[in-house]
Amino acid sequence: MNKTIEPWYKQFWPWVVFGIPGLTIIAGLVTVYIAFSDPDGLVSDDYYKDGLGINADLARDENAKQLGIKALCQLQNGKLTVRLSSTEGAPFADTLELKLIHTTRASFDKIIELKKDSKQQYSATLPTDLKAGSWILKIETEHWRIRTKLKHPFPANFEI
């Protein structure tokens, strides 16, 4: 019984023994690359300042509720048309700010100016590079703010 011994690189167990630590090192390097190439947008540097801003935003939300401000939105061929209404007859500015906020990636956020077409109607062209997923849409002035949460692609008609 003459049995020849194969070289180590043709055997199974050395590859298992060396392969598992090798794959672990590669996975660790990939994890480090991901951690440093994509900064976390959810971490805040100044929590106190953010808290004061939240209180101001809540006051604008409450003001919009008291004024009964609603927006009927129509999206057609990338153009967003917004018709505002108010139960209390609130005056509307010549331009409004539309904020498109991605729920998890701050780098995807967009700010668009809505321009007045008529007495209570505004319009703007939405960017074509919006990513699929969940978005918060805010229409605001310095005095009031209304908002809703939608999935992209957005429906043709929706209310804020």
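The values are calculated or read from the model by the stated rules, or taken from the named source; none is laboratory data. Given the structure is predicted, the values throughout are model-derived calculations rather than measurements. Positions of Cβ are backbone-derived with ideal geometry, glycine not excepted, and every protein chain shown enters the neighbour counts.
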Hits in segment 78-97 - residues which are assigned to a loop (DSSP other than H, G, I, E, B) and over 18 Å from residue 150 (Cβ atoms): 87, 88, 89, 90, 91, 92, 93, 94
Some residue of segment 143-152 being touching a residue at least 12 places away in the same chain (Cβ under 8 Å), assigned to a strand (DSSP E or B), under 13 Å from the mean Cα position of the chain (by Cα) and more than 23 Å from residue 60 (Cβ to Cβ): yes
Qualifying residues in segment 33-48 (those that are surrounded by 10 or more Cβ atoms within 10 Å (Cβ to Cβ) and modelled with pLDDT of 70 or more) - the one nearest to residue 102 (Cα to Cα): 38
Within segment 103-120, tally of residues that are under 17 Å from residue 140 (Cβ atoms) and at pLDDT 85 or above: 8
Filter result for the condition that a residue is assigned to a helix (DSSP H, G or I) and either at pLDDT 85 or above or hydroxyl-bearing (Ser, Thr, Tyr) (or both), over 25, 54: 25
Residues that are of a type outside the set (Phe, Trp, Tyr), buried (at least 16 other Cβ atoms within 10 Å of the Cβ) and in contact with a Ser or Thr (Cβ under 9 Å, 6 or more places away or on another chain), drawn from segment 84-96: 96
Scan of segment 107-142 for residues that are exposed (fewer than 14 other Cβ atoms within 10 Å of the Cβ), over 19 Å from the mean Cα position of the chain (by Cα) and not polar (S, T, N, Q), ordered by number: 115, 117, 119, 142
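Among the listed residues 147, 105, which satisfies the condition of being within 16 Å of residue 72 (Cβ to Cβ) and of a type in the set (Lys, Arg)? Walk me through how you get there before you give the answer.
Working: 105 fails: within 16 Å of residue 72 (Cβ to Cβ).
Checking each option against the conditions leaves just 147.
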